[in-house]
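Colleague: Dropping the structure in here first, questions after.
The values are calculated or read from the model by the stated rules, or taken from the named source; none is laboratory data. This one's a predicted model, so the numbers in the text were calculated from it and none came from an experiment. Cβ placement follows ideal geometry from the backbone for every residue including glycine, while neighbour counts extend to all protein chains displayed. Ligands, DNA and RNA are excluded from the accessible area calculation, which covers all protein heavy atoms including side chains. Shrake-Rupley method; radii C 1.70, N 1.55, O 1.52, S 1.80 Å.
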Amino acid sequence: MAIPAARPVLLVHAGAWDMPEAERGPHRAACTAALQAGWAALLRGARAVDAVEQAIAVMEGDAAVNAGTGSVLTREGWVEMDAGIMDGATQQVGALMGLRTACHPIRVARSLLGAEHVLLGGSAAEQAVRDGGHATQAPEAFITARERARLAAWQADAARRAPGGCFGPRAPSGAQPADTVGAVALDMQGRLAAGLSTGGACGKPSGRVGDAPIPGCGYWADEEVAVACTGWGESILRVGLARHAADLARSAGAEAGARGSVSVLAQRVGGLGGLILLRRDGTHACAFNTPRMARGWMQQGMTGPAADA
């Protein structure tokens, strides 16, 4: 049965946290550039999954955000990047963990849609980069002065380095960067898609994986709803936030799905974060429980402001 034509919609986010004043403009600019790239793809008739890839790849190339070029550092001082993408029309997933050389992890994840193995880490993830001929650079080229300074501040905070997990025995505050980037899209054929890309958490142990590459946790897309999350990955994993939001939005609507699931994140596990959500009928919503969240949207030629609060 043919899928009826739809009016395209694109939402992006560049993280939920208490952004300092100096970070706000660059995060808004990253969202704006991502929207322009993804929207152009949709207007050309591209699939939703391609628009998501395009939007996220733009943010991966922007050092202002925690993905690709601007990724945070592990406690050993290296970048390890995660990404995931999901095509709602086919339920295909592509995801990678711990990449050190890929300039655009989301493009590598996109290349795994339909592959035999779709969630790869370590040497298998790096092999996928090489096999696909994806753009690479040396691991040290991803290390920025800003992230060296952030890691030094993290190392100086003994409480956060205490036993009890990546962040120590207490949960991170909204003041700590959690700017995973993400996008959700609806194309002209009514297909949905969602994706995420991130450098993870500053000071994480090598090999730590958060919600970003895990379908149903950091992102989700099916024939009716697409969701992309951001925030404290450990808490998002514990409630399966993206799938929870999608299920709620199916029955209660976009706004209720977004707000209700973020409330569950806070109430059940004390989690911090946010999400963008899009339904096949074109309705969409954003919710977060941190002081700010960078995000923006485009629909029917109209642009929602790339905002941070």
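Colleague: Among 244, 111, 54, which residue has its Cα furthest toward the positive end of the charge dipole of the chain, with +1 on Lys/Arg Cβ and -1 on Asp/Glu Cβ?
Modeller: 244
Colleague: Put 111, 71 in order of accessible area, largest first, 1.4 Å probe: what do you get? All intermediate terms of the calculation are to be shown ahead of the outcome.
Modeller: On the way: 111 60, 71 0 Å².
Solvent-accessible surface, decreasing: 111, 71.
Colleague: On C-alpha positions alone, give me the angle between the axis of helix 145-156 and the longest principal axis of the chain, in degrees, nearest 10.
Modeller: Taking the Cα atoms of the chain, the angle to 145-156 is about 60 degrees.
Colleague: Cβ under 12 Å from residue 198's Cβ, residue 198 left aside: what net charge do those residues give with Lys, Arg +1 and Asp, Glu -1?
Modeller: Counting the neighbours of residue 198, the net charge comes to -3.
Colleague: Filter the chymotrypsin sites (Phe, Trp or Tyr not before Pro) in segment 1-99 down to the DSSP loop ones having no more than 12 other Cβ atoms within 10 Å, then list what survives.
Modeller: Counting only loop positions with at most 12 other Cβ atoms within 10 Å, none of the chymotrypsin sites (Phe, Trp or Tyr not before Pro) in segment 1-99 qualifies.
Colleague: Moving on to the next point. In whole Å, what is the distance between the alpha-carbon centres of segment 72-139 and segment 210-229?
Modeller: After rounding, the separation between the Cα centres reads 16 Å.
Colleague: Nearest 10 degrees is fine. How inclined is helix 254-269 to the longest principal axis of the chain, computing both from alpha carbons?
Modeller: 30
Colleague: Probe of 1.4 angstrom, ligands and nucleic acids ignored: what's the accessible area per residue over the chain, in square angstrom?
Modeller: Accessible area per residue, the chain: 37 Å².
Colleague: Counting only protein heavy atoms and a 1.4 Å probe, tell me what percentage of the chain's accessible area is made up of carbon and sulfur.
Modeller: 54
Colleague: Mind checking the dipole of the chain: about its Cα centre, +1 per Lys or Arg Cβ, -1 per Asp or Glu Cβ, Debye to the nearest 20?
Modeller: Dipole of the chain, to the nearest 20 debye: 420 debye.
Colleague: Also, quick follow-up: How many nm is it between the label spots at residue 256 and residue 224, if each spot is 7 Å from the Cα in line with the beta carbon?
Modeller: Here the answer is 1.2 nm between the modelled labels.
Colleague: Another question, if that's okay. Which shape class applies to segment 213-309: rounded if a/c is under 1.5, otherwise prolate when a/b exceeds b/c and oblate if not, where a ≥ b ≥ c are the square roots of the Cα gyration tensor eigenvalues?
Modeller: Values: a/c = 1.80, a/b = 1.25, b/c = 1.44.
Oblate shape, in that a/c is at least 1.5 and b/c is the bigger or equal ratio.
Colleague: Just the C-alpha atoms of segment 6-130: what Rg/Rh do they give, with Rh taken as the Kirkwood radius?
Modeller: Working: Rg = 15.0 Å, Rh = 15.2 Å.
That ratio is 0.98, to two decimals.
Colleague: Of 186, 272, 248, which is the most mobile in a GNM of the chain whose springs link Cα atoms less than 10 angstrom apart?
Modeller: Between 186, 272, 248, it is 248 that shows the largest mean-square fluctuation.
Colleague: Can you list the HN-Hα couplings for segment 223-235, worked out from phi with the Karplus curve (6.51, -1.76, 1.60; θ = phi - 60°), rounded to whole Hz and with x for Gly and Pro?
Modeller: Values, residue by residue: 6, 10, 9, 10, 9, 9, 9, 7, x, 6, x, 4, 6 Hz.
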